[in-house]
Amino acid sequence: MRTTPLAIAAALFATPALAAPPPPYAHHVCPDGLEVIVVENHATPLMTMEIAVHNGAMTEPPAYNGLSHLYEHMFFKGNKVLPDQLAYSARLRELGMIFNGSTGDDRVNYFFTTTSDHYADAMAFMRDSITSPLFDAKELDRERVVVTGEMDRDESNPVYLLWRAMEKLVFWKYPSRKNALGDRKTVLSTTPEQMRTIQHRYYVPNNSLLVVTGDVKADDVFKRADEIYVGWAKAPDPFVKFPLVHHPPIQGSQAVVVAQPVQTFTASLEWQGPSTLDSSAPFTYAADLLGALTGDPGSKFQKDLVDSGACVSAAMGWNTARDVGPISMDVEAGETNVDACLKAAVAELPKMKGADYFSDDELKNAAHVIDVSFARQREGTESYAHLLTSMWADADLAYYATYSDRLHAVTRDDIGRYLDAYVLGKPFVLGALESPALAKTIDKGHLETLVGISKGGAK
């Protein structure tokens, strides 16, 4: 239902042929302000309908932290046409729908996939779900248990505990704005009135995007959307009255240790990175390309940190975000090799500015890998719908339209400027996940010394 960062992953490189260009999509704005995108694909009689809202952790002060996530669950409950969970579920079965939703920092999205002969019914079903939820108190009580069950599962995952401990320091002033899972006490005390506040503030047509992909006709989708959403009242821009916060810089480099029953040592160095919609946006392409470059098993990064035996695994990446996407360098080591791994990781950072660290072919291949990843997402009706709503929410559609060209234009100098602007010499948080026994010897002070953090918190 909701995903969190801090994953150590490797990119798989392909031969440097041109990736297939994206299929054209049609764009329309309804009179009420609802944006609609249609991607026609008549290869199979399937369609996906997805609606996304600018909502999520970014909109949540502590008193509302987790309520976007709870609202996502309540979307699949009773509404004015289907008055309870039983009726809603029965209609899902009648339409043969595969369905789900997710909540992140910048977006809440919902989708239905079914055969295209159910297209008209699916349009009405989506409209009723988005425009007329009932927020029945008994259904809300039941769903609170489901949401807190998700919290239980995540909080039993040591990597999640490390990630949350770090985010509270990286985004220290407004940590709730980067916590889509939410606060347990807040979720347990939620009222139907709070759900309606979210609905009236954010679930309005001019703050939403409808995407339909698959065996449909764009003109028909646009005409039908104009007709069936006519009663969904346009509202003032919610971000004028309730502006988003801007996360202030990290308060000096610092470390945090999470002791859990794990067998290996995991560490993450995290910085505040660029954003997609302000003057720092040009750095985002270098950030993405660097992630693909360092993920190549044949890269100097992997050779120095993994093939050398210093670390078990290593990765570097940036999380796409409208406001301050985090940059992370993640490493894993055996318990007897912690010092060597962390020292090697810190020493590797300035090397990436070297003229011979990445070749021209590596830059070209890395951009192609990202192109291929996007092309794969465009293959399916569901994955393409998710991609479009994600880009709309995390950036905007103009960012998506020019993304590949800008990515391929990134140079080694651009990567160097990105590292200078956000990583080298900049405040960071070091998070370490280790066993309780190891934490007695590899403690916070020892880790800070390894990565060059002074007692005053400066690097």
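Please work out which residue is farthest from residue 206 (Cα to Cα), limiting yourself to region 391-401 and to residues that are of a type outside the set (Asp, Glu) and open to solvent by 50 Å² or more (accessible area, probe 1.4 Å). Among those that are of a type outside the set (Asp, Glu) and open to solvent by 50 Å² or more (accessible area, probe 1.4 Å), it is 401. Close contacts from region 226-241, counting a first residue that is free of Cβ contacts under 8 Å to residues at least 12 places away in the same chain and a second that is of a type in the set (Lys, Arg), with Cβ to Cβ under 9 Å and a gap of 6+ residues or different chains, come to 241/201. When restricted to residues that are in a strand (DSSP E or B) and among the small types (Gly, Ala, Ser), region 424-459 contains 2. Scanning region 261-272 for residues that are of a type outside the set (Ser, Thr, Tyr) and open to solvent by 20 Å² or more (accessible area, probe 1.4 Å) yields 261, 262, 263, 272.
On the given criteria, is residue 175 within 30 Å of residue 431 (Cα to Cα), without any contact (Cβ under 8 Å) to a residue 24 or more places away in the chain and not hydroxyl-bearing (Ser, Thr, Tyr)? So residue 175 fits the description; yes. With the requirement that a residue be in a helix (DSSP H, G or I), of a type outside the set (Ser, Thr, Tyr) and more than 16 Å from residue 371 (Cα to Cα), what does region 282-301 give you? Of everything in region 282-301, those that are in a helix (DSSP H, G or I), of a type outside the set (Ser, Thr, Tyr) and more than 16 Å from residue 371 (Cα to Cα) turn out to be 282, 283, 300, 301.
Restricting to region 424-439, and then to whatever is within 13 Å of residue 273 (Cα to Cα) and of a type outside the set (Phe, Trp, Tyr), can you tell me which residue is least open to solvent (accessible area, probe 1.4 Å)? Taking the candidates together, the pick is 429. Counting only helices (runs of 4 or more DSSP H) wholly contained in region 182-234, the ones carrying 2 or more residues that are at pLDDT 95 or above and under 23 Å from the mean Cα position of the chain (by Cα) occupy 184-188, 192-202.
Taking each residue of region 366-390 that is open to solvent by less than 30 Å² (accessible area, probe 1.4 Å) and looking for partners that are of a type in the set (Asp, Glu) with beta-carbon atoms closer than 7 Å, six or more apart or interchain, yields 366/296; 370/288; 385/50; 389/50. The set of residues in region 266-288 that are over 17 Å from the mean Cα position of the chain (by Cα) and over 16 Å from residue 328 (Cβ atoms) comprises 278, 279, 280, 282.
Write out, first by first residue and then by second, each pair whose Cβ atoms fall under 8 Å of each other, whose residues are 6+ apart or on separate chains, and whose first residue, in region 336-349, is among the acidic types (Asp, Glu) while the second is assigned to a helix (DSSP H, G or I). From residues that are among the acidic types (Asp, Glu), the pairs are 339/450; 348/301; 348/304; 348/305.
I need a count of the residues in region 114-140 that are of a type in the set (A, V, I, L, M, F, W, C) and over 17 Å from residue 198 (Cα atoms). Qualifying residue count, region 114-140: 6. Annotation for region 410-423: at least one member residue is in contact (Cβ under 8 Å) with a residue 24 or more places away in the chain, crowded, with 16+ Cβ neighbours inside 10 Å and not in a helix (DSSP H, G or I).
How many residues does region 62-99 contain that are in a helix (DSSP H, G or I) and either free of Cβ contacts under 8 Å to residues at least 40 places away in the same chain or open to solvent by less than 60 Å² (accessible area, probe 1.4 Å) (or both)? Of the residues in region 62-99, 19 are in a helix (DSSP H, G or I) and either free of Cβ contacts under 8 Å to residues at least 40 places away in the same chain or open to solvent by less than 60 Å² (accessible area, probe 1.4 Å) (or both). Looking across region 302-325, just one residue is buried (at least 24 other Cβ atoms within 10 Å of the Cβ) and in a helix (DSSP H, G or I), and that is 305.
At pLDDT 95 or above, among the hydrophobic types (A, V, I, L, M, F, W, C) and open to solvent by 10 Å² or more (accessible area, probe 1.4 Å): is that true of residue 258 in this structure? Against the criterion (at pLDDT 95 or above, among the hydrophobic types (A, V, I, L, M, F, W, C) and open to solvent by 10 Å² or more (accessible area, probe 1.4 Å)), residue 258 qualifies. Of all positions in region 120-141, none carries a residue that is out of contact with any strand residue (DSSP E or B) (no Cβ under 9 Å at 6 or more places or on another chain) and of a type in the set (Val, Ile, Thr).
Counting only residues that are of a type in the set (A, V, I, L, M) and either at pLDDT below 95 or open to solvent by 20 Å² or more (accessible area, probe 1.4 Å) (or both), region 41-57 holds 2 of them.
The values are calculated or read from the model by the stated rules, or taken from the named source; none is laboratory data. Computed from a predicted structure; not experimentally measured. Every residue, glycine as well, gets a Cβ built from its backbone with ideal geometry; the counts of neighbours run over all protein chains shown. Heavy atoms of the whole protein, side chains included, go into the accessibility calculation; ligands, DNA and RNA do not. Shrake-Rupley method; radii C 1.70, N 1.55, O 1.52, S 1.80 Å.
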